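The values are calculated or read from the model by the stated rules, or taken from the named source; none is laboratory data. All of these numbers come straight from a predicted model, not from anything done at the bench. All Cβ positions, even for glycine, are placed from backbone atoms using ideal geometry, and neighbour counts span all protein chains on display.
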Ligand SMILES: *Cc1c(COP(=O)(O)O)cnc(C)c1O
């Protein structure tokens with residue numbers, strides 16, 4: 001059996017190696033390292049893929065979130081609601097801009113923001129909601145857009161884990177994740193579904209005026225060379241990362257299908273297991289099978305419900321089966337984000353999830369032998 005990897009970037013590289021190497025060599029020859037024609041070409045290709053008017057490339061996903069909040073003109077003291085169960089970057093930029101983060105609980109099946117908790121957290125100071133499309137599945141955008149409209153709030157989608165996923169709105173229109181709200185932020189960190197070979201990120205929006213504002217903010221607030229109209233940042237995608245992304249983007253749907261297929265095999269193997277809750281695809285498009293892009297499985301995350309999660313992680317480590325616990329500590333319990341307004345009884349789901357979740361190896365190169373080994377080892381241990 002091939003050695004099991006949590007993420008297999010090397011196996012995937014072998015399949016695009018010639019194109020990547022020659023395009024990188026070309027960048028080195030032409031020396032357009034920053035904001036060159038390759039970055040522009042990638043921007044256009046991603047706009048077409050997503051069906052969105054504007055993509056604004058930037059240096060990483062965390063910057064993208066920050067720049068989105070700057071671009072919307074959020075001011076210190078404004079409250080921004082997001083999920084308690086996510087990667088810290090989401091809440092980090094809210095705090096960094098002196099906005100007030102308001103963390104709320106998540107749903108036990110989708111792991112995405114809980115709608116009742118969300119609406120309950122809204123105050124006159126609330127200005128924005130940041131739904132995180134966690135592990136590759138969209139949050140309930142119908143409800144979130146409705147709540148946002150009712151309370152006049154911005155929606156900033158954290159799409160770092162769900163690029164390529166789709167979601168069907170109540171009116172029947174089917175769109176790519178990240179194209180529902182006012183603006184979305186995504187990450188091209190190497191292990192993300194569309195990853196480059198360094199850091200990278202992007203914002204996307206259908207709002208022309210906001211797009212213009214964002215394009216200035218990523219480049220020192222400049223709209224005209226050496227005229228600084230607003231306080232900006234330096235956050236750019238470089239050409240070497242853009243050529244890697246251009247090589248991978250045409251394969252993104254296939255990559256996501258390979259992930260979904262691995263997920264389907266995992267879930268099939270766990271069928272009927274009393275102590276294992278498999279990830280649920282909550283919003284389906286009705287087409288079962290490998291072509292469904294409702295969940296692009298950035299992570300395949302199980303819940304182990306009989307208290308054996310920590311022991312399982314240890315057991316896997318001994319057998320050299322990689323796994324991850326995303327996330328082991330709720331954000332509302334992280335030292336940096338403690339707030340006396342939070343009450344433990346407001347986070348029953350997150351507090352439970354952090355004790356139960358385990359993410360299995362997930363990438364485009366998993367084979368059946370590896371999947372069978374992982375699932376049979378896990379089932380045996382959980383029931384032992
Ligand atoms: C990866 C990630 C980010 C941050 O992206 P970087 O490119 O690493 O800065 C933000 N939010 C979520 C949910 C992520 O998974």
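Among what's in the stretch 145-179 and is farther than 30 Å from residue 20 by Cβ and within 16 Å of the ligand (Cβ to nearest atom), pick the residue that is surrounded by the most Cβ atoms within 10 Å (Cβ to Cβ).
Only one residue fits best here, namely 156.
Sort out for me the helices (runs of 4 or more DSSP H) sitting completely within the stretch 304-384 that have 3 or more residues that are in contact (Cβ under 8 Å) with a residue 24 or more places away in the chain and closer than 19 Å to residue 134 by Cβ.
Those helices (runs of 4 or more DSSP H) span 348-356.
Based on this model, can you work out whether residue 218 counts as buried (at least 24 other Cβ atoms within 10 Å of the Cβ) and modelled with pLDDT of 95 or more?
Judged against the criteria, residue 218 is a match.
Against the definition (on the phi < 0 side of the Ramachandran plot and in contact with a strand residue (DSSP E or B) (Cβ under 8 Å, 6 or more places away or on another chain)), how does residue 183 come out, yes or no?
Considered against the rule, which asks whether it is on the phi < 0 side of the Ramachandran plot and in contact with a strand residue (DSSP E or B) (Cβ under 8 Å, 6 or more places away or on another chain), residue 183 comes out as yes.
Answer yes or no as to whether residue 186 is more than 12 Å from the ligand (Cβ to nearest atom), surrounded by 21 or more Cβ atoms within 10 Å (Cβ to Cβ) and at pLDDT 95 or above. Can you show your working first?
Working: more than 12 Å from the ligand (Cβ to nearest atom): no; surrounded by 21 or more Cβ atoms within 10 Å (Cβ to Cβ): yes; at pLDDT 95 or above: yes.
So residue 186 fails the test.
Answer with yes or no whether residue 101 is buried (at least 24 other Cβ atoms within 10 Å of the Cβ) and within 16 Å of the ligand (Cβ to nearest atom).
Taking the combined requirement at face value, the residue does not satisfy it.
So how many residues does the stretch 196-212 have that are out of contact with any strand residue (DSSP E or B) (no Cβ under 9 Å at 6 or more places or on another chain) and away from the ligand (no atom under 16 Å from the Cβ)?
Selection size over the stretch 196-212: 1.
Could you pull out the residue among 380, 343, 333, 314 that is within 23 Å of the chain's Cα centre (by Cα), more than 23 Å from residue 257 (Cα to Cα) and at pLDDT 95 or above?
Every option except 333 fails the conditions.
Would you point out which residue out of 48, 78 is crowded, with 19+ Cβ neighbours inside 10 Å, modelled with pLDDT of 95 or more and at negative phi?
78
If residue 65 satisfies every condition in (1) out of contact with any strand residue (DSSP E or B) (no Cβ under 6 Å at 6 or more places or on another chain); (2) in a helix (DSSP H, G or I) but one, which is the exception?
Single failed check for residue 65: (1).
Every residue, every condition in (1) out of contact with any helix residue (DSSP H, G or I) (no Cβ under 9 Å at 6 or more places or on another chain); (2) assigned to a loop (DSSP other than H, G, I, E, B); (3) surrounded by fewer than 24 Cβ atoms within 10 Å (Cβ to Cβ); (4) without any contact (Cβ under 8 Å) to a residue 24 or more places away in the chain, yes or no:
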{"position": "181", "(1), (2), (3), (4)": "no, yes, no, no"}
{"position": "195", "(1), (2), (3), (4)": "no, yes, yes, no"}
{"position": "203", "(1), (2), (3), (4)": "no, no, no, no"}
{"position": "212", "(1), (2), (3), (4)": "yes, no, yes, yes"}
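Between 27, 55, 20, which is at pLDDT 95 or above and in contact with a strand residue (DSSP E or B) (Cβ under 8 Å, 6 or more places away or on another chain)? Spell out the reasoning first.
Values: 27 fails: in contact with a strand residue (DSSP E or B) (Cβ under 8 Å, 6 or more places away or on another chain); 20 fails: in contact with a strand residue (DSSP E or B) (Cβ under 8 Å, 6 or more places away or on another chain).
None of the others qualify; the one that does is 55.
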